Amino acid sequence: MTPAILALNLSLSFAALSALCLSLNRHHAETFGSKPGMRRVMLLRVLGWAGIGLCLIVAGEAEGWDFGPVQWIGAVSGAGIGLVLLLSYRPRLVALAGTVALGLAMVGGVLLRFA
């Protein structure tokens, strides 16, 4: 298991789960103070599911398809636990944390590509 791939999967999973979380009326209202429009809901859902799928592809290609899905499930579970804790104690930080996680995933992906 490569720690860099695990960190990339964790950050990408957190960003994707944050997008899925913010597509729900309750969590969007807790974070932004208003309910989302239908276009925003659809955009967040598409981005969230695309991120989850991309995370599976990254894990499978980097770690092999025998261990990659196992790492993917662990990364999604770990990111989900972190997101639930953040929603419980600091719901207004979910959007910022998801954006930071997406930025880290993009930087990590570029660095791994050129390493």
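Total residues in the stretch 1-56 satisfying the condition of being of a type in the set (A, V, I, L, M), surrounded by fewer than 16 Cβ atoms within 10 Å (Cβ to Cβ) and out of contact with any Leu (no Cβ under 7 Å at 6 or more places or on another chain): the figure is 9. If you go through the stretch 25-47 and keep only what is of a type in the set (A, V, I, L, M, F, W, C) and at pLDDT below 95, you end up with ALA29, PHE32. Considering each residue of the stretch 25-45 in turn, at least one proves to be under 30 Å from ARG113 (Cα atoms) and in contact with a helix residue (DSSP H, G or I) (Cβ under 8 Å, 6 or more places away or on another chain). Every test in (1) in a helix (DSSP H, G or I); (2) surrounded by fewer than 19 Cβ atoms within 10 Å (Cβ to Cβ); (3) more than 14 Å from the chain's Cα centre (by Cα) is passed by ILE81 save one, and that test is (3).
The set of residues in the stretch 47-56 being out of contact with any Ser or Thr (no Cβ under 8 Å at 6 or more places or on another chain) and either not aliphatic (A, V, I, L, M) or not in a helix (DSSP H, G or I) (or both) consists of TRP49, GLY53. In the stretch 17-30, the residues that are without any contact (Cβ under 8 Å) to a residue 60 or more places away in the chain and outside any helix (DSSP H, G or I) reach residues that are of a type in the set (Val, Ile, Thr) and surrounded by fewer than 20 Cβ atoms within 10 Å (Cβ to Cβ) with C-beta atoms within less than 7 angstrom, at least six apart or across chains, in these pairs: SER23/VAL41.
Yes/no per residue for (1) in contact (Cβ under 8 Å) with a residue 40 or more places away in the chain; (2) within 14 Å of the chain's Cα centre (by Cα); (3) not in a helix (DSSP H, G or I):
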residue	(1), (2), (3)
ALA4	yes, no, no
LYS35	no, no, yes
VAL41	no, no, no
VAL58	yes, yes, no
TRP65	no, no, yes
ALA75	yes, yes, no
LEU86	no, yes, no
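The values are calculated or read from the model by the stated rules, or taken from the named source; none is laboratory data. Since this is a predicted model, take the numbers as computed values, not measurements. Glycine also receives a Cβ, built like all others from the backbone with ideal geometry; neighbour counts cover every protein chain displayed.
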